[in-house]
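Asker: Supplied in structure tokens, the structure appears directly below.
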Amino acid sequence: MRLRIKQNDKLAQQRKEVGPALFFSLLIITVSFLPVFSPEGQEGRLFSPLAYTKTFAMTGAALLSVTLVPVLMLLFIRGKILPEAKNPVNRFLIWVYRPIIAGVLRWKKLTIRLGTEFMPTLNEGTLLYMPTSLPGMSITKAAELMQTQNRIIKSFPEVASVYGKAGRANTATDPAPTEMFETVINLKPESEWRAGLTTDKLIAELDQALQFPGVANAWTMPIKARIDMLSTGIRTPIGIKVFGKDLDEMEKLAKEIEAVVKAVPGTTSAFAERITGGFYLNIEPDREQLARYGLAVGELLDVIGTALGGEMVTTTVEGRERFGVSVRYPRELRSDPQQIAREVLIPTMDGAMIPLGQLARVVVAKGAPSIRTENALLSAYIYVDIRDRDIGGYVADAMKAVTEQVSFPPGYYVTWSGQFEYMERATEKMKIVIPVTLLSIFLLLYLNFKRLTETLIVMLSVPFALVGGIWLLWLLDYNLSVAVVIGFIALAGVAAETGVIMLIYLDHAWEAVQAKCRAAGRAPNVDDLYAAIMEGAVERVRPKMMTVVAIMAGLLPIMWGTGTGSEVMSRIAAPMVGGMISSTVLTLAVIPAIYALVKQWFLRRGSGQ
């Protein structure tokens, strides 16, 4: 019974000392995720569920750590509790760590001295091939080219099926011209692919096999393409928008930019829309001739609409299905302007049939295939596809090349869009999010320690953790993206937590030594300080390592996972894994050294802090 009471008293004392600090540590991690609640933009819709889940989980863990866990410890931790010195794992950790901390205390100052895309491509398991050619392509030629492309794509053993579409669907919401193709490529499971082949390598092989004169290739994923086109109107990773007032001048500038961008390293294709290269059949009524035959302009247009466009005359019923029947001239009678002028006949009131060429002028004219406006200005798009380059670095080089080689008249300018536009928007948001996160962590630390010194020591955990995260990103060849930044934001909270745990044990050990010195009637000295640091750092290495190992054990499966969505999650986990490694070095070596320097300075001043 006496042992049980003593054990309960010890647990209660540990709860009183460590409980509030643990609560603050979990609260810091929770606060570090609050800025991720971003309802605006694609990144907000993607990461808000993660932030909500993490915040609710950590809030619950913080409350349970100071309420339920101490009660469960009293109920279930029974019998004889072995001291940490008898634990073989703990003995090994102490054996390794003791000479390290001894060296740190000997060379304190030496120990303290000390190196972009919007989002990673989410593998949907399906590719979308979107080539574009010059305006004026006929339906027959478009079908022939698309069938040839589909046969080449289907010849690859990794491809399960291919479905292509040229032009727009039968809806007003799809303004795609005939020269724009959309081919959906369904892939087989990766286990059936050739050895060593990745999605990027497969796209490179397909792109090399699908090189046709006058055709610019673009590769993306179906869902991603729809989101990008709805958000920015750009279907490639990078888009350039030319704004101005005259279509001819804008097309001239777009072609110049296309030629310049093609020379930038990393460009796989660049295509400027031909905004004045469309062909139109103009039928201009001759009113004098119409009056001579007693015809109205409306009657002429009705005949033209029926002969060339077709008119639904009836509906056929086949079982439960109904089909409209349209009537118009056969293709051989409307294949060219001369044929139309000669073969399309206009009936008069007296029954005569007059060729269309005698009543109207039939000519082919060039014009704009489509007209875009944005911010009350005409716009032209240049689509740019890249490979083996990060978007941020590529755009910086392309911007420099366009600025140096393309001269813009007054009133004309360009903006950069696509994923780069997302990245710029996210960068502006992060300029607010990251300082708010660090300030929140700083305030929580100060509320916990009530002293600026300890708060600043723990804040040093953050840059050390960032160093490890950056190193691992470099080793894995990951670009800096929103997913990576989210990982760094989460890392800031976790790094502060490990620093808090180390500082708590150092403070407790130092306070115990100070109490012993006061009981002995003497002032603590540097040897007492070093003994306290040795006790707080070495003898309590097990809980610190348990914290780090538990965090990394939870992150490694995410980092090395495969499947849909793993591209994003691995980039969130990578900064945290690399950061925990460098943060552990900081926690176990650098923080004790800084702590010794600070407390030693207080001892020289005669303060017992």
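Asker: Among the residues in the stretch 262-283, are any in a helix (DSSP H, G or I) and within 30 Å of PRO409 (Cα to Cα)?
Answerer: yes
Asker: Could you say whether any residue in the stretch 287-310 is open to solvent by 20 Å² or more (accessible area, probe 1.4 Å), among the aromatic types (Phe, Trp, Tyr) and at pLDDT below 85?
Answerer: No, every residue in the stretch 287-310 fails to be open to solvent by 20 Å² or more (accessible area, probe 1.4 Å), among the aromatic types (Phe, Trp, Tyr) and at pLDDT below 85.
Asker: Next question, about the same structure. Do the conditions hold for ALA531, that is, is it surrounded by 20 or more Cβ atoms within 10 Å (Cβ to Cβ), assigned to a helix (DSSP H, G or I), at pLDDT 80 or above and out of contact with any Leu (no Cβ under 9 Å at 6 or more places or on another chain)?
Answerer: no
Asker: Quick check on my filter: what residues within the stretch 164-216 are at pLDDT 85 or above, among the basic types (Lys, Arg) and either in a helix (DSSP H, G or I) or under 20 Å from ILE234 (Cα atoms) (or both)?
Answerer: LYS201
Asker: Being within 51 Å of the chain's Cα centre (by Cα), over 30 Å from ILE203 (Cβ atoms) and either hydroxyl-bearing (Ser, Thr, Tyr) or surrounded by 12 or more Cβ atoms within 10 Å (Cβ to Cβ) (or both) is true for just one of SER326, SER370. Which residue is that?
Answerer: Result: SER326 is the single residue among SER326, SER370 that is within 51 Å of the chain's Cα centre (by Cα), over 30 Å from ILE203 (Cβ atoms) and either hydroxyl-bearing (Ser, Thr, Tyr) or surrounded by 12 or more Cβ atoms within 10 Å (Cβ to Cβ) (or both).
Asker: Before we move on, is GLY239 under 23 Å from the mean Cα position of the chain (by Cα), open to solvent by 10 Å² or more (accessible area, probe 1.4 Å) and closer than 30 Å to GLY367 by Cβ?
Answerer: no
Asker: A further question follows. What residue, of LEU456, LEU491, LEU529, LEU473, is more than 34 Å from the chain's Cα centre (by Cα) and aliphatic (A, V, I, L, M)?
Answerer: LEU529
Asker: On to the next question. Looking at (1) more than 25 Å from ILE139 (Cβ to Cβ); (2) touching a strand residue (DSSP E or B) at 6+ places or on another chain (Cβ under 9 Å), find the lone condition where GLU288 falls short.
Answerer: Of (1) more than 25 Å from ILE139 (Cβ to Cβ); (2) touching a strand residue (DSSP E or B) at 6+ places or on another chain (Cβ under 9 Å), only one is false for GLU288: (2).
Asker: Assess whether GLY214 counts as being more than 30 Å from TYR280 (Cβ to Cβ) and loosely packed, with under 14 Cβ neighbours inside 10 Å.
Answerer: no
Asker: Moving on. Considering only residues that are in contact with a Lys or Arg (Cβ under 7 Å, 6 or more places away or on another chain) and closer than 19 Å to TYR394 by Cα, look in the stretch 455-483 and name the one that is surrounded by the most Cβ atoms within 10 Å (Cβ to Cβ).
Answerer: SER481
Asker: Here's something else I'd like to know. Inside the stretch 372-453, counting only strands (runs of 3 or more DSSP E) that do not spill past its ends, which hold 3 or more residues that are among the aliphatic types (A, V, I, L, M) and closer than 21 Å to VAL264 by Cα?
Answerer: Once the strands (runs of 3 or more DSSP E) in the stretch 372-453 are filtered for at least 3 residues that are among the aliphatic types (A, V, I, L, M) and closer than 21 Å to VAL264 by Cα, what remains is 377-386.
The values are calculated or read from the model by the stated rules, or taken from the named source; none is laboratory data. Just so it is clear, the model here is predicted, and its values are computed rather than measured. Reconstructed Cβ throughout: ideal geometry from the backbone, glycine too, with neighbour counts over all protein chains shown. Keep in mind that these areas ignore ligands, DNA and RNA; they rest on the heavy atoms of the full protein, side chains included. Shrake-Rupley method; radii C 1.70, N 1.55, O 1.52, S 1.80 Å.
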